[in-house]
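For reference, the structure is listed below as structure tokens.
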Amino acid sequence: MNLSTSSSERALFARIVLVILLGMGAALGLVRLFHTGTGITADAFLGRVLQAKAALPRITAEPQELVMFFGSSRVEAGFSPRQFDREMAARGLPVKSFNFGFGGLNPLFQDTLSRRIREQFERDERRLKIALIEFNPFQATVTRRNRAREAEETMQAILGTPQEFFPVLIRDPERGVRLFNIRYLRGGISAEAFTSFVAAGLAPPRPRTGIPEDEAAKARRRELNRILDQRFQEDYPDYRAKQWHYGWQGGGTIAEERSAETLALFDEFYATLRTEHKLDDDRLHRINTADIIELNFDPELVEAFIRIVKNFQAISDRVEVLMLPKNSRWIQNTPEATERLAAAVARIEEETGLRLRNDRELPAITPEMFVDTTHLARYTGGVAYTRHLVEELAPPEMEAAID
Amino acid sequence: MIFNTPLFFAFFIVFLLFYGFVFLQRRPRVYLILVASLVFYGAWNYAFIPLLVGSAVVDYFLAQGIAAAPAGRRRKILLGISIAVNLGILAVFKYADFAIGSVADLLRLLGYEPSLSSLELILPVGISFYTFQSMSYTIDVYRGDMQPRRGLVEFTAALAFFPQLVAGPILRARQILPQFHRLPLPTWTNAKYGFLLITVGLMKKTVADLLAGPVATAFDSSGPVSLMESWTGVLAFAGQIYGDFSGYSDMAIGLALLLGFQIPLNFRLPYFALSPVDFWRRWHISLSSWLRDYLYIPLGGNRGGNRYRNIFITMLLGGLWHGAAWTFVAWGAFHGALIGATHKLSELRLFAPFVQSRSLWMRLFKWAFTFYLILIGWVLFRAASLEGAWQMLVTLHSIGAALPSPSQGAALVFGLVAAALLAMHLMDYGVLEYGERLAQKPWGFWPALVTVQALCLMIGEPSSEFIYFQF
């Protein structure tokens, strides 16, 4: 039996196809509208990273020798490119350095970002004189990865390229199409990322410290925060602190630019952040979100870190892998964690042929130089650590690299 | 390939373009459905396409043989081969490791140290659905309920029909084969109803995925869980399994309607049931009616004084159909016992006023008690082991025991879970009662569909498969 091939039949199928396409288009339009309206956009997830990525062509066009410090928010807080450049210049070694430290990433996402950096440098036929790469142990744990699983595809979709998506499409069509969809139709925001963002309030509460809050310190911290915000706006009227600012090379403000009075206020502010209550609570937060004490590594994250190093080795004259100072008063690893860390470090060294610099217990950095259990304070710890890097790297190794 | 993914969306659009504009004759369209169905199935694992096609080929020729054979022994042998092949496929791929593990456990209990190694075969997706569907064809032909159809491609296409291939509804050959023979065209009214069902199914699947979190808190936690979070988890699982499975069924029925095919409803507000018997008339209707027609009745049904035994065996095997684990067997046995007890009690004069009462309070009580029993059943279904199920059942009834206090926000989550479960049922009630009328009001209908779609896209792009794929 043959079907009639009347025009009405075709019209019906055309109508069905049209309804599906228009319906889905309209639904996607509404989604995009809602994302934009609520501010849940790719920029909200990766604003600084995207700004830094967008700055790459300008970085490779810089006439000076280039240095890049790549890592986590600990690098963002603990390395000042402009201070580094000034102190290097004072030693007769002019360089232009950049802070590529970003919070909220893990080595999987950083690997994708490092590929973009490598591509840009190769395209522009530039090389880094020195690449400093942070190995942040608690960023490579199973716990840390599990905390960000729902964001994995969003991160990959935003930072990846179609050339990277096509092999995925062949290997796993479901995932490949999803990556294209997130990137090009959903504006970078997967449904999982959106849901986890809006449902964050429903997540089971994490363990909290039993140490009572010092109410006076809390009140003073709020007051100082307000004053320092005001000072910042007066000193830097055109700058929003959350941006990756080219003028500051991705780093923050430097002590030399602030008045003595402001710096004194900062000292007081840091002290209010370092109460027993705040630090113990932060320690528990890091245990909960990153397994910072036990350090059960995710092999895929360690693998991804090795790829990051190799990406930088391809475009750098010299690569240094470092572990940044830790606040040992609050973060003490178990012997098993220390063993696991040693094994991970050995693997990185074996795969990359590099010797890792372990600055975790640096005598020059004291617990008073941290703002919490992991981040250096910009005007104390950051200054000291940047200086330490200059002293460690400039003579004689840096000179050799620059010459 | 999962319905609510961009990949399936692209697949279906391409399929529709070919179906509606390129292949305009019946035979090419059947070929197209077959090829598309195999691509759809192959997107999960191409290695198992031969198993699917082989199952169809065997049953197609056996049905021809049964029809051609004279009444008697030869027909029985051919039917026996069909049943043996289908159950054999299931036994090897689904139950072999379970049987090996159970034998090993038993031998260990008896003091032996067996060296039995499991086969560790991948479970082909949808195997329980298409083997039952295929088997029903040879049984129907054997019984004389239908004549065998000519056309192997048509039969294979009907068995592999992608909207219902991997998670049902389980269609009888007599429901679907005649449709493939005349290959109906969709009507705009049916298409609109199809869009409505797809959207509702998508919404339910989205809700089901969101409910996975509280379920995991209750069932997968390494430590003890509070009473409230345990109940929240069980309630959430009731919602998750319903949203996931009925959502898939709705989408399957809706997609089929867009092509002109009619697939019967698989769920009818099951959590509004007033007794366990009523529940099974509303839950996974295609399976419960299959079990009734092809297992319960052949066992003797209500006749011969073996009614309760037959009910129990049917439900026990129905439980085992869901998965190769003792938890599923226990779930089946539990429901078998419930249905048997319901029948027994309804026959007792003492309970007659209760059974026959139509008062609101009595109906409310019957509903609450039935729902409680269903929830208890879901504990058996979801737990990783019988021991885990027992622990959960103890926790659920440990009022005043030394359990951890609920997390902050647990009451809110409980409320949201209960609301989600109710919303899914109200949505279904709306579709059943007002769906067709709503579809006649384009200015309300299309914006509503687009809004729901947008909501699903916003919060529910899946990475999780449908739960029933594993069955």
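It is to be established whether one or more residues within the stretch B:140-148 are assigned to a loop (DSSP other than H, G, I, E, B), of a type in the set (D, E, K, R), open to solvent by 10 Å² or more (accessible area, probe 1.4 Å) and away from chain A (no Cβ under 14 Å). Yes, some residue in the stretch B:140-148 is assigned to a loop (DSSP other than H, G, I, E, B), of a type in the set (D, E, K, R), open to solvent by 10 Å² or more (accessible area, probe 1.4 Å) and away from chain A (no Cβ under 14 Å). Go over the candidates A:237, A:173 one by one and state the one that is within 14 Å of chain B (Cβ to nearest Cβ) and either over 26 Å from residue A:76 (Cβ atoms) or surrounded by fewer than 14 Cβ atoms within 10 Å (Cβ to Cβ) (or both). One residue alone meets the criteria, A:173. Counting only residues that are touching a residue at least 24 places away in the same chain (Cβ under 8 Å) and not hydrophobic (A, V, I, L, M, F, W, C), the stretch B:47-75 holds 5 of them.
Exactly one residue out of A:163, A:156 is modelled with pLDDT of 90 or more and either of a type in the set (S, T, N, Q) or crowded, with 21+ Cβ neighbours inside 10 Å (or both): that is A:163.
Output yes when any residue across the stretch B:110-131 is out of contact with any Gly (no Cβ under 6 Å at 6 or more places or on another chain), in a helix (DSSP H, G or I), open to solvent by 20 Å² or more (accessible area, probe 1.4 Å) and hydrophobic (A, V, I, L, M, F, W, C), and no when none is.
no
Of the set (1) over 22 Å from residue B:391 (Cα atoms); (2) touching an Asp or Glu at 6+ places or on another chain (Cβ under 8 Å); (3) without any contact (Cβ under 8 Å) to a residue 60 or more places away in the chain, all apply to residue B:217 but (1).
Listed here are the residues, each with its yes/no results for (1) open to solvent by 70 Å² or more (accessible area, probe 1.4 Å); (2) outside any helix (DSSP H, G or I); (3) closer than 18 Å to residue B:281 by Cβ.
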| site | (1), (2), (3) |
| --- | --- |
| B:327 | no, no, no |
| B:345 | yes, no, yes |
| B:354 | no, no, no |
| B:371 | no, no, yes |
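If I filter the stretch A:197-215 for residues that are away from chain B (no Cβ under 14 Å), part of a helix (DSSP H, G or I) and at pLDDT 85 or above, do I get at least one hit? Among the residues of the stretch A:197-215, at least one is away from chain B (no Cβ under 14 Å), part of a helix (DSSP H, G or I) and at pLDDT 85 or above, which makes the answer yes.
Among B:411, B:418, which is modelled with pLDDT of 90 or more, part of a helix (DSSP H, G or I) and closer than 28 Å to residue B:223 by Cβ?
Unique residue meeting the criteria: B:418.
If you scan the stretch B:218-236, which residues turn out to be of a type in the set (D, E, K, R) and closer than 18 Å to residue B:420 by Cβ? Correct list: B:229 only. Taking the numbered list (1) within 14 Å of chain A (Cβ to nearest Cβ); (2) open to solvent by 20 Å² or more (accessible area, probe 1.4 Å); (3) part of a helix (DSSP H, G or I) in turn, residue B:54 passes all entries but (1). Among the conditions (1) in contact (Cβ under 8 Å) with a residue 24 or more places away in the chain; (2) within 14 Å of chain A (Cβ to nearest Cβ); (3) under 30 Å from residue B:418 (Cα atoms); (4) out of contact with any Pro (no Cβ under 7 Å at 6 or more places or on another chain), residue B:186 misses just one, which is (3). A single member of B:38, B:16, B:87, B:79 is within 30 Å of residue B:144 (Cβ to Cβ) and in contact (Cβ under 8 Å) with a residue 60 or more places away in the chain, and it is B:79.
Look through the stretch A:3-12, keep the residues that are out of contact with any Lys or Arg (no Cβ under 6 Å at 6 or more places or on another chain) and either touching a residue at least 12 places away in the same chain (Cβ under 8 Å) or not basic (Lys, Arg) (or both), and return whichever of them is nearest to the other protein chains (Cβ to nearest Cβ). Spell out the reasoning first.
First, the residues of the stretch A:3-12 that are out of contact with any Lys or Arg (no Cβ under 6 Å at 6 or more places or on another chain): A:4-12.
So of that shortlist, the ones also either touching a residue at least 12 places away in the same chain (Cβ under 8 Å) or not basic (Lys, Arg) (or both) come out as A:4-9, A:11-12.
Working: A:4: 9, A:5: 4, A:6: 10, A:7: 11, A:8: 9, A:9: 6, A:11: 10, A:12: 6 Å.
Looking at residues that are out of contact with any Lys or Arg (no Cβ under 6 Å at 6 or more places or on another chain) and either touching a residue at least 12 places away in the same chain (Cβ under 8 Å) or not basic (Lys, Arg) (or both), I get A:5.
Among the numbered conditions (1) open to solvent by less than 30 Å² (accessible area, probe 1.4 Å); (2) within 22 Å of the chain's Cα centre (by Cα); (3) modelled with pLDDT under 85, the only one that residue A:186 does not meet is (2).
Would you mind stating whether residue B:178 is free of Cβ contacts under 8 Å to residues at least 40 places away in the same chain and either in a loop (DSSP other than H, G, I, E, B) or outside the structural domain of residue B:298 (by TED's automatic domain parsing) (or both)?
yes
Of the numbered criteria (1) modelled with pLDDT under 90; (2) among the hydrophobic types (A, V, I, L, M, F, W, C); (3) within 19 Å of residue B:430 (Cα to Cα), the one residue B:252 fails is (1).
Within the stretch A:96-110, track down each residue that is open to solvent by less than 10 Å² (accessible area, probe 1.4 Å) and either assigned to a helix (DSSP H, G or I) or aromatic (Phe, Trp, Tyr) (or both). If the condition is that a residue be open to solvent by less than 10 Å² (accessible area, probe 1.4 Å) and either assigned to a helix (DSSP H, G or I) or aromatic (Phe, Trp, Tyr) (or both), then A:98, A:100, A:102, A:107, A:109, A:110 are the ones that fit. Among the residues examined, residue B:17 qualifies as within 11 Å of chain A (Cβ to nearest Cβ), out of contact with any His (no Cβ under 7 Å at 6 or more places or on another chain), assigned to a helix (DSSP H, G or I) and open to solvent by 30 Å² or more (accessible area, probe 1.4 Å).
Only a single item in (1) in contact with a helix residue (DSSP H, G or I) (Cβ under 8 Å, 6 or more places away or on another chain); (2) surrounded by fewer than 17 Cβ atoms within 10 Å (Cβ to Cβ); (3) not in a helix (DSSP H, G or I) is not met by residue A:93, and it is number (2).
Each row is one residue, and each column tells you yes or no for (1) crowded, with 19+ Cβ neighbours inside 10 Å; (2) at pLDDT below 90.
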{"position": "A:230", "(1), (2)": "no, no"}
{"position": "A:246", "(1), (2)": "no, no"}
{"position": "A:256", "(1), (2)": "no, yes"}
{"position": "A:263", "(1), (2)": "no, no"}
{"position": "A:270", "(1), (2)": "yes, no"}
{"position": "A:308", "(1), (2)": "yes, no"}
{"position": "A:315", "(1), (2)": "yes, no"}
{"position": "A:322", "(1), (2)": "yes, no"}
{"position": "A:336", "(1), (2)": "no, no"}
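The values are calculated or read from the model by the stated rules, or taken from the named source; none is laboratory data. A quick note: this is a predicted structure, and the numbers were derived from the prediction, not measured. Methodologically, a virtual Cβ is constructed for each residue, glycine included, from the backbone with ideal geometry; neighbour enumeration extends over all protein chains shown. Note: areas computed on protein heavy atoms with side chains; ligands, DNA, RNA excluded. Shrake-Rupley method; radii C 1.70, N 1.55, O 1.52, S 1.80 Å.
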